[in-house]
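Asker: Here you go, one structure.
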Amino acid sequence: MEVKKRGRPQGSSDIDHDKLFQSAIKVFANKGFEACTMTEISEAAGISRTSLNYHFGSKEKLWYMGIDFLAEKFITKFNENKELNKGLDPLPLLKATIRQIVRFNANYPEFISLSYSSLNKKDQRSKYIIEKFSIPTFDLTKDIFKQLRKEGKIKLLSKQDQSAILLGMTSFIFANAYMIKNVFKQDPFDEDQISEFTDSVIEIFFNGILV
């Protein structure tokens, strides 16, 4: 699976793109695309407004490039895991994929928040997120679920419900980390908490909650 990218601006190799795009996505998520400014993004990323304008031109271009950047990271990591887990049966392969999805959501929680808010707008940016993330994420598990269904190892839930449950379980806690911290007095981004949460997602998804 490959991600079509819009291309990195020439002459921007001296910029920490990981920090820039993460900072930009965070500002977009917290302020909203319309309300935020390039100045706020440049301050969050620690680079000059002049340099940001020169290399990226507009916040719209920066938004799309930020989505491309994260999509590439996600798909690249998936392909690495796929190669690493080559030969695994469908069940352990699905568990490995779930672990990857949880880790990505933990690393980029602002993207999850941005996605939730953007998808409700039903505009070109929401369609772009669907194209770059939603469909590819569903595709990651499609063949695995198909094989498990064929082998009679999972219940025949609708594909829509199955995917929605999985994505909801792996993202909600990170998209709503502030609420989780205040209600449960736990930091969901603590490494031990991420590991424990991942195990819980896999346990409930595969075995349910009843003892």
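The values are calculated or read from the model by the stated rules, or taken from the named source; none is laboratory data. Predicted model, so just to flag it, every value in this text is computed and none were measured. Cβ: placed from backbone, ideal geometry, glycine included. Neighbour counts: every protein chain shown.
Asker: Every residue in the stretch 104-136 that is among the charged types (D, E, K, R) and crowded, with 16+ Cβ neighbours inside 10 Å, please.
Answerer: In the first step, residues of the stretch 104-136 are kept if they are among the charged types (D, E, K, R); the result is 110, 121-123, 125, 127, 131-132.
Once the filter is applied, which keeps residues that are among the charged types (D, E, K, R) and crowded, with 16+ Cβ neighbours inside 10 Å, the stretch 104-136 yields Glu110, Arg125, Lys132.
Asker: Still on this structure, I have one more. If you check every pair at least six apart or on different chains, which have Cβ atoms under 9 Å apart with a residue in the stretch 66-80 that is among the acidic types (Asp, Glu) first and a residue that is buried (at least 21 other Cβ atoms within 10 Å of the Cβ) second?
Answerer: Asp68/Phe21; Asp68/Lys132
Asker: Name the single residue that is surrounded by the most Cβ atoms within 10 Å (Cβ to Cβ) among those in the stretch 83-103 being farther than 28 Å from Asp190 by Cβ and of a type in the set (D, E, K, R).
Answerer: Among those residues, the one meeting the criterion is Asp89.
Asker: OK, next. Checking Leu88 against (1) over 28 Å from Tyr178 (Cβ atoms); (2) in a helix (DSSP H, G or I); (3) not small (Gly, Ala, Ser): exactly one of these is not met. Which one?
Answerer: So Leu88 meets the others, but not (2).
Asker: Answer yes or no: is there a residue in the stretch 183-203 that is touching a residue at least 24 places away in the same chain (Cβ under 8 Å) and either among the hydroxyl-bearing types (Ser, Thr, Tyr) or touching an Asp or Glu at 6+ places or on another chain (Cβ under 6 Å) (or both).
Answerer: Checking the stretch 183-203: at least one residue is touching a residue at least 24 places away in the same chain (Cβ under 8 Å) and either among the hydroxyl-bearing types (Ser, Thr, Tyr) or touching an Asp or Glu at 6+ places or on another chain (Cβ under 6 Å) (or both).
Asker: Another question about this same structure. Which of (1) closer than 24 Å to Ser163 by Cα; (2) under 15 Å from the mean Cα position of the chain (by Cα) does Asn81 not meet, given it meets every other one?
Answerer: (2)
Asker: Pick from Ile41, Ile25: which is buried (at least 20 other Cβ atoms within 10 Å of the Cβ), farther than 19 Å from Ser171 by Cβ, modelled with pLDDT of 90 or more and out of contact with any strand residue (DSSP E or B) (no Cβ under 8 Å at 6 or more places or on another chain)?
Answerer: Ile41
Yes/no matrix, rows are residues, columns are (1) at pLDDT 85 or above; (2) touching a helix residue (DSSP H, G or I) at 6+ places or on another chain (Cβ under 6 Å); (3) farther than 17 Å from Pro136 by Cα; (4) not hydrophobic (A, V, I, L, M, F, W, C):
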position	(1), (2), (3), (4)
Leu52	yes, yes, yes, no
Ser58	yes, no, yes, yes
Asp68	yes, no, no, yes
Lys86	no, no, yes, yes
Lys95	yes, yes, yes, yes
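Asker: Looking only at the stretch 104-114, decide whether some residue is touching a residue at least 12 places away in the same chain (Cβ under 8 Å), under 22 Å from Gln193 (Cβ atoms) and β-branched (Val, Ile, Thr).
Answerer: yes
Asker: Could you list, in sequence order, all residues of the stretch 151-166 that are closer than 26 Å to Ser118 by Cβ and either among the basic types (Lys, Arg) or surrounded by fewer than 18 Cβ atoms within 10 Å (Cβ to Cβ) (or both)?
Answerer: Initially, the stretch 151-166 is screened for residues closer than 26 Å to Ser118 by Cβ, giving 158-166.
Answer for the stretch 151-166, where residues must be closer than 26 Å to Ser118 by Cβ and either among the basic types (Lys, Arg) or surrounded by fewer than 18 Cβ atoms within 10 Å (Cβ to Cβ) (or both): Ser158, Lys159, Gln160, Asp161, Ser163, Ala164, Ile165.
Asker: Can you name the helices (runs of 4 or more DSSP H) wholly within the stretch 10-77 that have at least 1 residues being closer than 18 Å to Ser115 by Cβ and touching a Phe, Trp or Tyr at 6+ places or on another chain (Cβ under 9 Å)?
Answerer: Working: elements: 17-31, 38-45, 49-56.
Of the helices (runs of 4 or more DSSP H) lying wholly inside the stretch 10-77, those with at least 1 residues that are closer than 18 Å to Ser115 by Cβ and touching a Phe, Trp or Tyr at 6+ places or on another chain (Cβ under 9 Å) span 17-31.
Asker: In this structure, does Ile129 turn out to be assigned to a helix (DSSP H, G or I), within 14 Å of the chain's Cα centre (by Cα), at pLDDT 90 or above and over 21 Å from Phe78 (Cα atoms)?
Answerer: Values: assigned to a helix (DSSP H, G or I): yes; within 14 Å of the chain's Cα centre (by Cα): yes; at pLDDT 90 or above: yes; over 21 Å from Phe78 (Cα atoms): no.
No.
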